[in-house]
Structures are given as C-alpha cells and as structure tokens.
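J.: Structure in structure tokens, see below.
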Amino acid sequence: MPRMRAVQVKNANGPFELVEREIPTPAAGQVLIKVQACGICHSDAFTKMGAFPGITFPRVPGHEVVGVIDKVGERVPNWKPGQRVGVGWHGGHCGHCPSCRHGDFITCANGQIPGITYDGGYADYMIAPFEALAAIPDDLQAAEAAPLLCAGITTYNALRNGGIRAGDTVAVLGIGGLGHLGVQFAAKMGCRTVAIARGADKGPLARKLGAHHYFDSTTQDVATELNKLGGARVILSTVTNSQAVSAVLGGLAVDGKMIVVGASPDPIEVSPFLLIGGRRAIQGWPSGTSTDSEETLAFSALANIRPMIETMPLERAAEAYERMMSGAARFRMVITTGQ
C-alpha cells in the first residue's frame with residue numbers, strides 16, 4: 001500500500017511524532033486531499049494537550065489545510081480530482097441538529113473539526129467530508145491561503161457580520177496573527193480603521209497594514225482616544241487578555257459593538273450602565289462555514305490581503321509549533337509538504 005508522512009500526537013501532552021502511515025481511502029461523501037500547506041493555529045494546542053472534549057489519540061493536528069483533491073469517494077457532488085481546495089475549522093456538520101436545521105452549520109451540535117475530531121493537515125494526505133471543502137482562488141499560493149482558513153475567516157466573518165458600513169470607525173485590538181488580518185480587512189472594507197496594541201514600535205506596521213490611526217495602550221487612554229473620533233462602531237478584539245478588552249469598552253459609540261474572537265478563560269468586566277445607556281453590545285463570533293471560507297479567500301485575492309507568514313517543512317512541524325506558541329513567529333507559521 002502507498003505510504004505517507006504524518007505528524008501525530010500519540011497521547012495528551014505527548015510529543016509530536018513524525019510517522020509513516022498508509023494513505024487512506026475516502027469513503028462515501030469524502031475526498032482524499034494531497035496536502036500542500038497547513039497553517040499552525042493556537043487552537044492546535046487543544047490537540048496537543050488533549051483539551052477538547054471527546055478527542056481521541058493518536059491524532060494528527062491541523063485545521064488550516066490547503067491542497068489538491070487526489071481521490072473522490074462515492075456520492076460526492078461537484079468536486080473532482082485536481083481541484084485546489086482548503087479545509088478550515090468547519091470540518092463538517094451533521095445536518096440534523098437544531099442549528100443545522102436552521103442552516104447555521106458552524107454551531108452544529110455535532111460539528112467536526114480537522115485535527116481534533118479527525119486527522120488534520122500535518123500530513124501528506126488527509127480525508128475530509130465534501131461539505132467542508134472550500135475552493136482556492138488561483139491568485140493565492142497554498143502557504144498564504146492556509147492561515148486565511150482560520151485566522152482570516154474568523155476576522156473577516158466577524159467584521160462583515162458586525163453591522164459595519166463603509167466610513168464607520170472600526171478598531172482592531174491586537175496586531176497579532178488575527179489582528180494583522182483584521183486591520184487589512186477593515187481598511188479594505190472602507191472603514192476608518194484604528195489599530196490598538198502595546199508599544200509605539202507597532203505603529204509603522206499598523207499603518208502599513210492600512211490603519212488610519214494607531215493607539216499605544218501603554219501610553220494612551222484608548223477609550224478616550226476612540227471617543228475623540230466619535231467612538232467605534234465595532235471593536236474587534238483579537239487579544240487573549242480580558243483586562244485589555246475591558247479597558248477599551250468605553251470607546252464604543254452609541255449602538256457600538258465589541259466582537260470577541262480572541263479566547264481567554266478570564267471574565268470581561270463591563271458596567272451595565274455602559275451597555276444600557278448607549279445600546280452597546282458584546283458579542284462573540286466563531287469562525288465560519290466552508291462557504292464563508294470561500295468568500296474570505298475570494299475577498300482576500302480581490303483586495304490583495306495576505307497573511308504575514310513563515311514556512312517550515314512538514315518534518316519540522318514540532319519546531320514550527322513551538323515557534324508559533326512562544327510568540328516568536330510574526331505572524332503565522334505554515335508547514336509545507338513540498339507536493
């Protein structure tokens with residue numbers, strides 16, 4: 001049987017292992033993808049630590065996958081071998097839970113996630129259900145498309161569903177793996193874009209990404225500065241520091257909304273008077289479906305939005321993971337297979 005390389009985690013908190021496996025065969029409703037690139041996301045830690053409910057081992061991580069369809073199983077409509085495809089956080093849905101019956105597939109009660117509920121993209125090949133596939137535009141290279149399938153779709157989808165219009169003031173809290181894409185999306189959507197981060201040194205990068213204003217949260221009262229601009233229609237929070245989120249809520253305009261996409265276990269503190277008096281809101285936003293991924297990729301290609309990436313070959317996946325998790329990478333790590 002043909003063999004492939006895969007980087008697996010054998011048990012919770014275990015090391016990454018480069019192993020050889022048989023190339024799997026797609027069942028009905030599935031496709032076999034020849035992986036070309038897979039982004040490393042902070043959520044891959046769920047796999048590494050065994051921290052996601054129901055996860056089983058050994059498991060191959062990776063949910064920012066770009067490649068080419070190699071084989072198609074029975075009862076797979078439309079998709080053909082040779083097509084460029086990607087798979088993101090949305091790795092399939094059941095079709096029968098209450099959310100699915102309302103067409104809200106990303107909140108499926110039985111939703112699948114590549115690299116968590118089934119083997120992901122830290123490998124030469126992977127299996128995915130056809131409903132998880134997103135077409136990749138020709139204008140995007142595999143390595144630069146990969147982070148758009150999680151970091152990209154999360155920020156783009158949150159913004160476009162946040163009620164903003166061209167000319168609105170949108171602030172992006174944090175200029176990391178998510179935030180550096182959020183700034184680009186907000187600016188290309190025609191919004192007056194404010195980037196917020198720690199340190200004056202990030203200002204030039206923020207402006208290069210398209211920000212019209214940059215606020216240094218270590219030396220400026222960000223809420224006051226936002227109010228000088230009339231307040232933010234949307235603040236997109238990409239950070240994992242809940243205190244930083246709480247500190248900027250006062251900069252929301254009337255009817256303004258804080259959209260949280262950066263995860264932290266710590267509570268966000270907010271005065272009810274702030275929410276009630278100005279009809280302000282705090283909302284979370286989860287990734288998106290395969291169709292949302294396609295639209296994110298298409299807009300990114302159209303508007304020339306790209307993630308800032310570093311690449312490493314598959315056999316150095318453990319090193320790439322550590323570089324991403326330590327914060328040494330700016331801004332996304334992508335492993336490549338050379339296929």
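J.: So residue 75 passes all but one of these: (1) on the phi < 0 side of the Ramachandran plot; (2) without any contact (Cβ under 8 Å) to a residue 60 or more places away in the chain. Which condition number does it fail?
T.: (1)
J.: If you take just the strands (runs of 3 or more DSSP E) that sit entirely in segment 249-339, which of them hold at least 1 residues that are touching a Pro at 6+ places or on another chain (Cβ under 7 Å) and crowded, with 17+ Cβ neighbours inside 10 Å?
T.: Here the list reads 309-313, 332-336.
J.: Determine which member of the set 27, 12 is closer than 27 Å to residue 265 by Cβ and part of a loop (DSSP other than H, G, I, E, B).
T.: Only one candidate qualifies: 12.
J.: Mind listing just one residue for me: the one in segment 30-58 that is among the aliphatic types (A, V, I, L, M) and assigned to a strand (DSSP E or B) and, of those, farthest from residue 85 (Cα to Cα)?
T.: 40
J.: Here's a follow-up. Taking strands (runs of 3 or more DSSP E) that fall entirely within segment 116-228, which contain at least 3 residues that are touching a helix residue (DSSP H, G or I) at 6+ places or on another chain (Cβ under 7 Å)?
T.: Output list reads 169-173, 192-197, 213-216.
J.: Within the set of pairs 6+ apart or on separate chains, which have a first residue in segment 78-98 that is without any contact (Cβ under 8 Å) to a residue 24 or more places away in the chain, a second that is part of a loop (DSSP other than H, G, I, E, B) and exposed (fewer than 11 other Cβ atoms within 10 Å of the Cβ), and C-beta atoms under 9 Å apart?
T.: So the pair list comes out empty.
J.: Tell me which of these residue 81 doesn't satisfy, since it passes every other one: (1) farther than 20 Å from residue 294 by Cβ; (2) of a type outside the set (Ser, Thr, Tyr); (3) over 25 Å from the mean Cα position of the chain (by Cα); (4) in a loop (DSSP other than H, G, I, E, B).
T.: With (1) farther than 20 Å from residue 294 by Cβ; (2) of a type outside the set (Ser, Thr, Tyr); (3) over 25 Å from the mean Cα position of the chain (by Cα); (4) in a loop (DSSP other than H, G, I, E, B) applied to residue 81, the lone miss is (1).
J.: Can you confirm whether segment 225-237 contains a residue that is under 21 Å from residue 329 (Cα atoms) and buried (at least 17 other Cβ atoms within 10 Å of the Cβ)?
T.: yes
J.: While we're here: Taking the condition of being over 17 Å from residue 249 (Cβ atoms), out of contact with any Phe, Trp or Tyr (no Cβ under 9 Å at 6 or more places or on another chain) and either of a type in the set (Gly, Ala, Ser) or buried (at least 24 other Cβ atoms within 10 Å of the Cβ) (or both), how many residues in segment 164-190 meet it?
T.: Here the count works out to 7.
J.: Now a separate question. Can you name the residue in segment 130-161 that is surrounded by fewer than 21 Cβ atoms within 10 Å (Cβ to Cβ) and not assigned by TED's automatic domain parsing to the domain that holds residue 311 and, of all such residues, is nearest to residue 304 (Cα to Cα)?
T.: 160
The values are calculated or read from the model by the stated rules, or taken from the named source; none is laboratory data. This structure is a prediction, so every number in the text was calculated from the model and none was measured. For neighbour counting, all protein chains shown are included, and Cβ atoms are generated from backbone atoms with ideal geometry for every residue, glycine included.
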